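Let me begin by presenting the structure, written as structure tokens, before commenting on it.
Derivation of every value follows stated rules applied to the coordinates shown; laboratory data play no part. All figures in this text were calculated on a predicted structure; none of them were measured in a lab. Cβ placement follows ideal geometry from the backbone for every residue including glycine, while neighbour counts extend to all protein chains displayed.
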Amino acid sequence: MANKIVAVVEDLFFLAKIQQTAQQLSVTVESVPPDALASSLSRGGVSAVLLDLNHRSGAAIDVLQAVKRDPNTRSIPVLGFLSHVQGELAQAARAAGCDMVLARSAFSRQLPVLLKKLSREEPPEPTNP
């Protein structure tokens, strides 16, 4: 049975694209705000997290660190995406434990493959933005 993927994505149009693609693949993607991620993960059944590293809350790195610090959630793969020109943020995300960091454009192009792999708890191969 495929587990759900949790998305911390602020852009509603981009979130709709993710959820529409997921629906076509019979993958469940649940959207949560940054401050609800920990409680969503604690309920279990989450195979991966999609994290918008440009989230307006400014909490993306803090949320990532909290997930990776918790022994109950640290093994859940986190895929972060950001603007391709944000090298420093990409480095900060990797340092905080992000399993995969992609430019938003690469994330969009690879979305169907990524969702399939992440829903089956098969972390995608790490790549750089």
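Structure data summary
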| item | result |
| --- | --- |
| Label point distance in nm, GLU10-GLN23, each placed 7 Å from Cα along Cα→Cβ | 2.5 nm |
| Dimensions in Å of the chain - Rg and Dmax from alpha carbons | 13.0, 37 |
| Qualifying lysines (Cα of each under 17 Å from Cα of LYS4; at least 8 residues distant if same chain) | LYS17, LYS116, LYS117 |
| Residue-averaged 222 nm ellipticity for the chain, from DSSP H runs of 4+ at -39500 (n - 2.57), nearest 500 | -12500 deg cm²/dmol |
| Extension gain, ARG120 back to VAL85 (0.36 nm per residue minus Cα-Cα distance, nm) | 9.5 nm |
| Residue range of the chain that is longest and free of trypsin sites (Lys or Arg not before Pro) which are both DSSP loop and sparsely packed (at most 14 other C-beta within 10 Å) | 75-119 |
| Förster-model FRET efficiency, 25 Å R0, ARG56 and ARG109, C-beta, rounded to 0.05 | 0.55 |
